[in-house]
1. Need one value: the accessible area of residue 316 in square angstrom, 1.4 angstrom probe, rounded to the nearest 10.
2. Using R₀ = 30 Å, calculate the FRET efficiency as 1/(1 + (r/R₀)^6) where r is the Cβ-Cβ separation of residue 341 and residue 250; round to 0.05.
3. To the nearest 10 square angstrom, what accessible area does residue 275 show with a 1.4 Å probe?
4. Tell me, what HN-Hα J-couplings in whole Hz come from the Karplus equation 6.51 cos²θ - 1.76 cosθ + 1.60 at θ = phi - 60° for each residue of the stretch 282-293, using x for Gly and Pro?
5. Positive end of the charge dipole of the stretch 61-194 (Lys, Arg +1 and Asp, Glu -1 on Cβ, about the Cα centre): tell me which of 146, 91, 110 has its Cα farthest that way.
6. Using alpha-carbon pairs under 8 Å, 6+ residues apart, how would you state the relative contact order of the stretch 239-336 in percent?
7. Under a 1.4 angstrom probe, counting protein chains only, how are 215, 327 ranked by accessible area, largest first?
8. Can you put 108, 273 in order of accessible area, largest first, using a 1.4 Å probe?
Amino acid sequence: MCRTGTRWHGDEEGTHRPKDMRTVVPDTREQRTPRGPRTVDPPHRRACPRATLSRTFGTVDMTVPEDTDTGTVSTTPLGRLRAVTVTGDALTAVRTRRLVARDGRSGYVVVTLLDSGAGRLEQDGRVALLSAGDIFVHDMARPLRLSLPRPFRTKSLVLPRDVLSLSEPDMAHVTARPLGPGTPLGGLLSPFLAGLVDGAGNCAPRTGELMARNVVDLLDVLADEVLGRTAEDAPGGNRALLLRIRAFIDRHLADPGLTPQTIAEAHHISLRYLHKLFESEDATVGRWIQRRRLEACRRDLTLHGNATIAAVAHRWGFTSAAHFSRVFRTAYGMAPREWRAAREPAPQRTSPEDA
């Protein structure tokens, strides 16, 4: 597992800085974020993560409150992308045109989940007020200002711009537009991004990079929604739209009225285009729906032993128990009742000695 953790700690001696600016010397020991009393001198309690964060996200100027304590930066490579978790007491990061011009990290875009805390992001002429659970995007190629006035935790994916199918003008429309957890796209992206960052160190680099591609796809979808583009018009939008449709199907499996036609209408595309999207899959739209329903029924048959076969079938959108039994046998080579019986624990036999 290739994972690095850094704790910002203390001031760098001999550095000329404004009164409210403090650079840092990273402490590469095992990272911790202690709270409560600490046996360090007051100047070292006013630590600031400028150097640490600049190496991760690009050069920034930092201001921090006088009573700022410590924080952590944890980074895990995912191929060309990086998963980053940052915790801290409070900070304000400013990236000016001068810093953008001299920095070598301008070719990156950052997708961030504000896991806890509150904040304010300014970029591309917009001001976004951030709450816990919001996802926001900022582009390192242009000036920005990010303020996190109280203890916070962020989970970010840092990705090269060239992995996106967005032009620079399109990217400028996506920044500083927070997605709340209550929005359809935010509700899909938020848990996925959090899970990806938290588990990045436990998967192979190739696997992590493939998972990160789903976040990239959803970012393309966000741009399509902001710009008002249809799926047919969006560059490279097929994969992103297919991801959304598959998630939509999973959310509506219990609805007997879920059909290719209703899916196409819900996503404002033609039925013909929907079938074209699924040409890259190993099933038609209808077969995909049926497969996902059968997988859900198979799981419930094992977990809910008291439920009738018909009840399980109806729970997941099958209107006919007989039809369900036929397609189940075709898919798995046995009837639903046989499947359940084969997975029930065998009764324990009583030996003559125990009788």
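The values are calculated or read from the model by the stated rules, or taken from the named source; none is laboratory data. Note that this is a predicted model, so its numbers are computed, not measured. Reconstructed Cβ throughout: ideal geometry from the backbone, glycine too, with neighbour counts over all protein chains shown. When the accessible area is computed, the model is the full protein with side chains, heavy atoms only, and any ligands, DNA or RNA have been set aside. Shrake-Rupley method; radii C 1.70, N 1.55, O 1.52, S 1.80 Å.
1. Its heavy atoms expose roughly 50 Å² to the probe.
2. On the way: r = 28 Å, r/R0 = 0.93.
Taking R0 as 30 Å, the efficiency between residue 341 and residue 250 is 0.60.
3. Residue 275 has an accessible surface of roughly 80 Å² with all protein chains in place.
4. 9, 7, 6, 4, x, 5, 5, 4, 4, 4, 5, 5
5. 110
6. On the way: 72 pairs, mean separation 24.6, N = 98.
Reported relative contact order: 25 percent.
7. On the way: 215 0, 327 20 Å².
The residues order as 327, 215, largest area first.
8. Numbers: 108 60, 273 30 Å².
Of 108, 273, the descending order of accessible area is 108, 273.
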